[in-house]
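What follows is a short report on a single structure.
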Amino acid sequence: MRDRNPARMNISRSTGNIWGSEFTPNFHPQRPMFHNNEAVPFRLTPNLQMLLGPIALEGIFSAAMLVVAKALTEPDGGTKLEQQFSIFIRDEITFHLTASHRPNLPTAQLRECVTANAASVMNRAKALAISGVAENLPANQSVLDLVAKAVDPRKLAQMEPLWMAYL
């Protein structure tokens, strides 16, 4: 996602739910492929870390991410999810090309881009769902590694200046 500025995040006072109001995918500049050019895999600023606390961050939060990733990549549900993603990805690619004043892709090339993007999303989900059982690591080690990258002050310092006030 691009333009993930704090002004576009909403927090419900009654439930504590957090949602974004204007999330749009970030595409590679030359081709319509999803692209994350940020230093962190997702945003976990020190304020959010303090809000969650160390027990929730390394316990409930990371375990919940692992469970969701496993549920999304189950053998029977994974192909259905990839097909559902394909519908939305096709619309996003078409909108991106139209908004950037580029011609639409031929049907075969569009289908190829949609398939590649859907596979990329599923591969990311599968990477989160990998358990560390074989190497005597915690089951949610892959998520913990991403959390460690997301909270690293060096990586957060590489983010765009709009986020610096919230660090």
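Each row is one residue, and each column tells you yes or no for (1) touching a strand residue (DSSP E or B) at 6+ places or on another chain (Cβ under 6 Å); (2) within 22 Å of Asp152 (Cα to Cα); (3) hydroxyl-bearing (Ser, Thr, Tyr).
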{"residue": "Pro41", "(1), (2), (3)": "no, yes, no"}
{"residue": "Thr45", "(1), (2), (3)": "no, yes, yes"}
{"residue": "Ala69", "(1), (2), (3)": "no, no, no"}
{"residue": "Glu74", "(1), (2), (3)": "no, no, no"}
{"residue": "Gln109", "(1), (2), (3)": "no, no, no"}
Those residues of the range 91-140 which are outside any helix (DSSP H, G or I) and not small (Gly, Ala, Ser), in sequence order: His101, Arg102, Pro103, Asn104, Leu105, Pro106, Ile130, Asn136, Leu137, Pro138, Asn140
Yes/no for Gly16 being part of a loop (DSSP other than H, G, I, E, B) and either of a type in the set (S, T, N, Q) or modelled with pLDDT of 80 or more (or both): yes
Per the list (1) surrounded by 12 or more Cβ atoms within 10 Å (Cβ to Cβ); (2) outside any helix (DSSP H, G or I); (3) at pLDDT 85 or above, residue check on Phe88 breaks on (2)
Tell me, yes or no, whether the range 44-59 has at least one residue that is modelled with pLDDT under 85 and touching a Gly at 6+ places or on another chain (Cβ under 8 Å). no
Name the single residue that is farthest from the chain's Cα centre (by Cα) among those in the range 104-125 being surrounded by fewer than 16 Cβ atoms within 10 Å (Cβ to Cβ) and touching a residue at least 12 places away in the same chain (Cβ under 8 Å). Thr115
Scanning the range 73-111 for residues that are touching a Cys at 6+ places or on another chain (Cβ under 9 Å) and β-branched (Val, Ile, Thr), the one nearest to Ile130 (Cα to Cα) turns out to be Ile89
Scanning the range 147-160 residue by residue, the ones that are crowded, with 19+ Cβ neighbours inside 10 Å and within 15 Å of the chain's Cα centre (by Cα) total 2
Kindly provide the set of residues from the range 91-103 that are in contact with a Leu (Cβ under 9 Å, 6 or more places away or on another chain) and surrounded by fewer than 16 Cβ atoms within 10 Å (Cβ to Cβ), ordered by number. Thr94, Pro103
I'd like the residue in the range 39-72 that is farther than 15 Å from Ser142 by Cα and among the polar types (S, T, N, Q) and, out of all such residues, is surrounded by the fewest Cβ atoms within 10 Å (Cβ to Cβ). Asn47
Residue check, Gln83 against (1) at pLDDT below 85; (2) surrounded by 16 or more Cβ atoms within 10 Å (Cβ to Cβ); (3) in a helix (DSSP H, G or I), all met but one. Which one? (2)
Report, by residue number, each residue of the range 44-86 that is in contact with a helix residue (DSSP H, G or I) (Cβ under 7 Å, 6 or more places away or on another chain) and touching a residue at least 60 places away in the same chain (Cβ under 8 Å). Leu44, Thr45, Asn47, Gln49, Leu57, Glu58, Phe61, Ser62, Met65, Leu66, Ala69
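The values are calculated or read from the model by the stated rules, or taken from the named source; none is laboratory data. In this text the structure is predicted, and so the values were computed from the model without any measurement. So basically every Cβ, Gly included, is an ideal-geometry build from the backbone, and we count neighbours across all protein chains shown.
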